[in-house]
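One structure is given here, and the rest of the page talks about it.
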Amino acid sequence: MTQVFLGMPAGGQGNLFESEPFPKAAHRELGNTQMRKNLRHATHTIRDKRLKVVGELPDWEALRDAGSVIKNNSMATLEERLLEFEKNFTARGGIVHWARDADEANQIVTDLVKATGSTEVVKVKSMATQEIGLNEHLETEGISAFETDLAELIVQLGHDKPSHILVPAIHKNRTEVRDIFLKEMPVVDPNLTDEPAKLAEAARAHLRKKFLAAKVAISGANFALADTGTLGVVESEGNGRMCLTLPETLITVMGIEKVLPQWEDIEVFMQLLPRSSTGERMNPYTSLWTGVTEDDGPQNVHIVLLDNGRTRALADRFGRTALNCIRCSACMNVCPVYERTGGHAYGSTYPGPIGAILSPLLTGIEVEENGSLPYASSLCGACYEACPVKINIPEILVHLRGEDVDAKREKHKLPTQMDLLMKGGSWALGKGKNIGLLEKALPLGRLAAGKDRKIKKLPGIAAGWTQSRDIPAPPSKSFRDWWSDEKESK
Amino acid sequence: MSAKDEILSRIRTALADTPVTEEVPREYRTTSAMNEEQLIELLVDRLVDYKAGVEVIDAAQIPEFVAAKLKDASSVVYPQGLDSNWLSALDKDVEQRLDAPGARLSVAELDATSAVVTSSAVSVAESGTIILDGQPDQGRRAISLVPDHHVCIVPISTIVQLLPEAMPRLSITRPLTWISGPSATSDIELERVEGVHGPRTLDVLMVRGL
């Protein structure tokens, strides 16, 4: 299928792009043995935990089926769902804002914060604000944003980038975390050990005053319930509850795909999400709020509904189920590619298998920076099996590879090397005589292989194949020659 | 065109192939066959796993057990709708602070309060989840958050096995807090450790005859 770009909804901006092609980034990241060790330890820990708690539920597959259909239905009726949500949220005292892209969302949030007179905000971990680069934007406007989730705090204090959607500091081990705390926290016990409990305690002490004094909080949302206008945040540490409860103003930034039709639908997702993400039967804290509640929690409650490429992804009827993602991170925890390269290699806020489809779907595959992401997979299918809402990631990866080839052809207006290669292949395999002719060139291959009998570098587009593997030298005689010799000698 | 109109128009363009909706297959469990003793056993198991303190007691024992849990506290906050008898056996040294409409404790005062006692709306045994919905016997959200020690009363009549069974008992538009153990994190090497920003000690009193 040739994609028609005219009339397509605009692609997303912000932190959705590879900064360099995946193979190049992956090559570099693979050299970081400490990171690989940390990731291997963490992903294997979580795999075992997830399997144990998922195995406890006799109806796990039924929950996945329900989750998948609820999400599909929500996407199919997205306009009505959003309007219904807006109506209900507004009726309960909340204020709804709409943002076409990252810039617009950043501007809305900045204006809202400035209107309060505050120059500091506390933040609950949020993928959407990471995606639009909100913290960086606020900083240019003279507003300091303090991340309060432990892993986000580690990343922020370490001047680092997140590498995982659930545990952004997964690439750091406990000793590295201790070192960051010692170096960056203004007040910290110099004898701090690397025991996780001690590190958690240090984070508590570091953030306590911020929570108690904060006037403005910024959050994401795990879901919005259309029929009641309710928002929900799922968390562990209590930093979410602090931000959602104590400040006067609460601003939530949420992708438009997070809306669920009925409030009862959370009975499905609150069974799927915790078990798939942290491997717990339930996360320690979940907060649900519907607009403003008099005398309880923030009295100025806003939501910014963010497109930033989501409608672009929705327009791809083979790829739109990527929007069903509930950001559990099970797919990256089971992915053999992610386990070795880590999240930074993917460039985008969304790494791992889901990132390899979601990032190019949000930006448009024809954006060259994201063209290599759909190839960042061996198509083993572990991600599909782990996905609680049954997103068929391998199928979408293959679909996007096709789109990528089409987009490149479109752009160059000339047959690409890939086309020539495919044409050549079709000619060679079309007739026995043709392939026989080609096989006459086998000795050339042996020559190219040299003494160690390995071809290490192919020219042109075929170089991709030899980038990460050698080709053994071809045999001196082809099978077809051997066969006809055998027949003759009989 | 406003951002709203443009986004909605993009959605219409994106869905030009008019995907159909399907009936949601709800084949998952929605009813439980567990009796009361099994529910208690399951919930206790889950809460202990989360490192919460758990006692199964009779209604008449509440004052005695609340007092025991708060023997080291210097002060305790309680919501207006809490049965005042529950705090009747507290040590005289434990200062009792009422949080009521028109007489709210400030955040600083809550931070200087050692503990909180609340009731709860409904609990889900299978996942070890206690749900507070801000009724007068649970109070506003801040009081069960800022003090470092939460003593939570769970009437056994409010325990269900499955999350779908809890749904009809919830008033969704009230502010809801679902609590599954004391605050915890898995952010360092994906190993769970208890005790971060929320109350680091959670004591659950499961009460028969309430």
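For this structure, a couple of remarks:
- When we screen B:VAL94, B:VAL66 for residues that are under 22 Å from the mean Cα position of the chain (by Cα) and in contact (Cβ under 8 Å) with a residue 24 or more places away in the chain, the only hit is B:VAL66.
- Filtering B:SER127, B:SER186 for residues that are at pLDDT below 95, open to solvent by less than 20 Å² (accessible area, probe 1.4 Å) and of a type in the set (Ser, Thr, Tyr) leaves a single hit, B:SER186.
- Condition broken by B:LYS51, with the remaining ones in (1) assigned to a loop (DSSP other than H, G, I, E, B); (2) of a type in the set (Lys, Arg); (3) buried (at least 18 other Cβ atoms within 10 Å of the Cβ) satisfied: (3)
- Within segment B:167-183, the set of residues being among the polar types (S, T, N, Q) and facing chain A (nearest Cβ under 7 Å) comprises B:THR173, B:THR177, B:SER180, B:SER183.
- Failed item, numbered, when A:ARG174 is tested on (1) within 14 Å of chain B (Cβ to nearest Cβ); (2) under 20 Å from A:PRO247 (Cα atoms); (3) of a type outside the set (A, V, I, L, M): (2)
- Taking the conditions (1) open to solvent by 10 Å² or more (accessible area, probe 1.4 Å); (2) over 22 Å from A:CYS331 (Cβ atoms) in turn, A:GLN271 satisfies each one other than (2).
- Scanning segment B:2-19 for residues that are open to solvent by 60 Å² or more (accessible area, probe 1.4 Å), more than 7 Å from chain A (Cβ to nearest Cβ) and on the phi < 0 side of the Ramachandran plot yields B:ASP5, B:ALA16.
- Selection within segment B:189-210: residues that are over 19 Å from B:VAL48 (Cβ atoms), open to solvent by 10 Å² or more (accessible area, probe 1.4 Å) and not aliphatic (A, V, I, L, M). The member of this set that is modelled with the highest pLDDT is B:GLY209.
- Which numbered condition A:ASN239 misses (of (1) within 11 Å of another protein chain (Cβ to nearest Cβ); (2) open to solvent by 20 Å² or more (accessible area, probe 1.4 Å)): (2)
- Count of residues meeting criterion [part of a helix (DSSP H, G or I) and of a type outside the set (Asp, Glu)] in segment A:102-126: 12
- So A:ALA330, is it within 14 Å of the chain's Cα centre (by Cα) and at pLDDT 95 or above: yes
- At least 1 residues being surrounded by 17 or more Cβ atoms within 10 Å (Cβ to Cβ) and at pLDDT below 95 is the threshold, and among the helices (runs of 4 or more DSSP H) wholly inside segment A:1-98 those reaching it are A:22-30, A:33-55.
- Single residue of A:ALA449, A:ALA462, A:ALA473 found to be at negative phi, surrounded by 12 or more Cβ atoms within 10 Å (Cβ to Cβ), among the small types (Gly, Ala, Ser) and touching a helix residue (DSSP H, G or I) at 6+ places or on another chain (Cβ under 7 Å): A:ALA473
- Taking segment A:373-490 as the region of interest, the helices (runs of 4 or more DSSP H) fully inside it that hold 1 or more residues being touching a Leu at 6+ places or on another chain (Cβ under 6 Å) and under 30 Å from A:GLU20 (Cα atoms) are A:393-412, A:463-467.
- Residue identified as within 11 Å of another protein chain (Cβ to nearest Cβ), touching a residue at least 12 places away in the same chain (Cβ under 8 Å) and open to solvent by 10 Å² or more (accessible area, probe 1.4 Å) among B:ASP137, B:ASP148: B:ASP148
The values are calculated or read from the model by the stated rules, or taken from the named source; none is laboratory data. Just so it is clear, the structure is predicted and the values come from calculations on it, not from any experiment. With ideal geometry, Cβ positions are generated from the backbone for all residues, glycine too; neighbour counts draw on all protein chains shown. Calculation scope for accessible area: heavy atoms of the full protein, side chains included, ligands and nucleic acids excluded. Shrake-Rupley method; radii C 1.70, N 1.55, O 1.52, S 1.80 Å.
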